[in-house]
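A short write-up of the structure that comes next.
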Amino acid sequence: MTVSEWSQLEAEYGRKLIHSGLEGARSGRAAFLEGKPFAPALSVSLRKGLETAAIGTCIGLLTGLTGGRRKSIGRLLAFGLLGGAAGLGAAVAWQNRRLASSVASGALKNIDRVRDEHWLERHPIDYA
């Protein structure tokens, strides 16, 4: 087998892995949402995350006030914005952890199936 043939086979295998992972992620999301749209679930997560974002903003502002460096308004706003974004991101991730688990589980299940098929192609089992 030449390097060109090998690289083409490996590229095809990589495409199969990516495609199966995406399909598994879609099926995991669909199984979790049970036909309901994703947007309302996300808006509920965002609303519930606003409290955590406010706490993160306060922590960011307090962090911007500490230290021996000059305390400018821009620096304080940057720290507050960064803290708020971190708080909101953490809250939304926490609220959607079961959805993420379902998506990851579906993706891994499909990827494992493709990996097993690939292994069997390379190592055929002869029962005769």
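The values are calculated or read from the model by the stated rules, or taken from the named source; none is laboratory data. The model shown is predicted, which means the values in this text are computed figures rather than measured ones. Reconstructed Cβ throughout: ideal geometry from the backbone, glycine too, with neighbour counts over all protein chains shown.
Structure values in brief
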quantity: Search result, residues across the stretch 20-35 that are in a helix (DSSP H, G or I) and over 19 Å from His118 (Cβ atoms); calculated: Ala25, Arg26, Ser27, Gly28, Arg29, Ala30, Ala31, Phe32, Leu33
quantity: Failed condition for Gly80, given (1) within 30 Å of Lys16 (Cα to Cα); (2) free of Cβ contacts under 8 Å to residues at least 40 places away in the same chain; calculated: (1)
quantity: Test: residue in the stretch 9-19 that is acidic (Asp, Glu), in a helix (DSSP H, G or I) and under 30 Å from Arg113 (Cα atoms); calculated: yes
quantity: Residue within the stretch 107-117 that is over 30 Å from Trp6 (Cα atoms) and acidic (Asp, Glu) present; calculated: no
quantity: Residues that are assigned to a helix (DSSP H, G or I) and either more than 21 Å from Ser20 (Cα to Cα) or of a type in the set (Asp, Glu) (or both), drawn from the stretch 107-128; calculated: Asp112, Asp116, Glu117, Glu121
quantity: One residue from Ala91, Ala104 being touching a Ser or Thr at 6+ places or on another chain (Cβ under 8 Å), in a helix (DSSP H, G or I) and in contact (Cβ under 8 Å) with a residue 40 or more places away in the chain; calculated: Ala91
quantity: Tabulated pairs, the stretch 1-25, first of a type in the set (Asp, Glu), second part of a helix (DSSP H, G or I) and modelled with pLDDT of 90 or more, C-beta under 8 angstrom, 6+ apart or interchain; calculated: Glu23/Asn110
quantity: Single residue of the stretch 36-72 satisfying the filter (charged (D, E, K, R) and in a helix (DSSP H, G or I)) that is farthest from the chain's Cα centre (by Cα); calculated: Glu51
quantity: Among the residues listed as Leu61, Leu50, Leu88, the single one being of a type in the set (A, V, I, L, M, F, W, C), surrounded by 14 or more Cβ atoms within 10 Å (Cβ to Cβ) and within 29 Å of Pro37 (Cα to Cα); calculated: Leu88
